[in-house]
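To start, the structure itself, in structure tokens.
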Amino acid sequence: RDKTMDYAQFKTLYPDALACYRFLETLKWEKSFKCRKCANDRYFDGSSKFARRCTRCGYNESITAFTLFHSIKFPVEKAFYLAYLTVSGKKD
């Protein structure tokens, strides 16, 4: 029997963009921030919500940079669901 959640069920876990970005923040920076330009580990809030800006070189990194959600042209909640479907799909 297929146990894949439908979109309505999935939305109970990730109801909005904020929930998705909080989850990405945990995955991306849970251990620590490290600037991709200069390797500094100190930061302050970046130019947008969930972004981080390096205290040394000023590089601003968005929450979606270097993830499969970078530059998507549709809501991140739908992108999360598509990613879920991809990894939870049936294996032949």
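Ligands, DNA and RNA excluded, the heavy atoms of TYR14 present near 40 Å² of accessible surface to a 1.4 Å solvent probe. Three principal axis extents of segment 1-51 based on alpha-carbon atoms, in descending order, are 49, 23, 15 Å. Adding -39500 (n - 2.57) for every DSSP H run of four residues or longer, then dividing by how many residues the chain holds, sets the calculated 222 nm ellipticity at -11000 deg cm²/dmol. Computed over the chain, the alpha-carbon pair-distance distribution with 10 angstrom bins reads 15, 41, 26, 13, 4, 0, each value a whole percent. Taken about its Cα centre, segment 1-55 carries a charge dipole of about 300 debye when Lys and Arg each add +1 at the Cβ and Asp and Glu each add -1 at the Cβ.
The values are calculated or read from the model by the stated rules, or taken from the named source; none is laboratory data. Because the structure is predicted, anything quoted here is derived from the model rather than measured. Neighbour counts are summed over all protein chains in view; Cβ atoms, including those assigned to glycine, are modelled from backbone coordinates with ideal geometry. The protein model used for the area step is the full one, side chains on, heavy atoms only, and it has no ligands, DNA or RNA in it. Shrake-Rupley method; radii C 1.70, N 1.55, O 1.52, S 1.80 Å.
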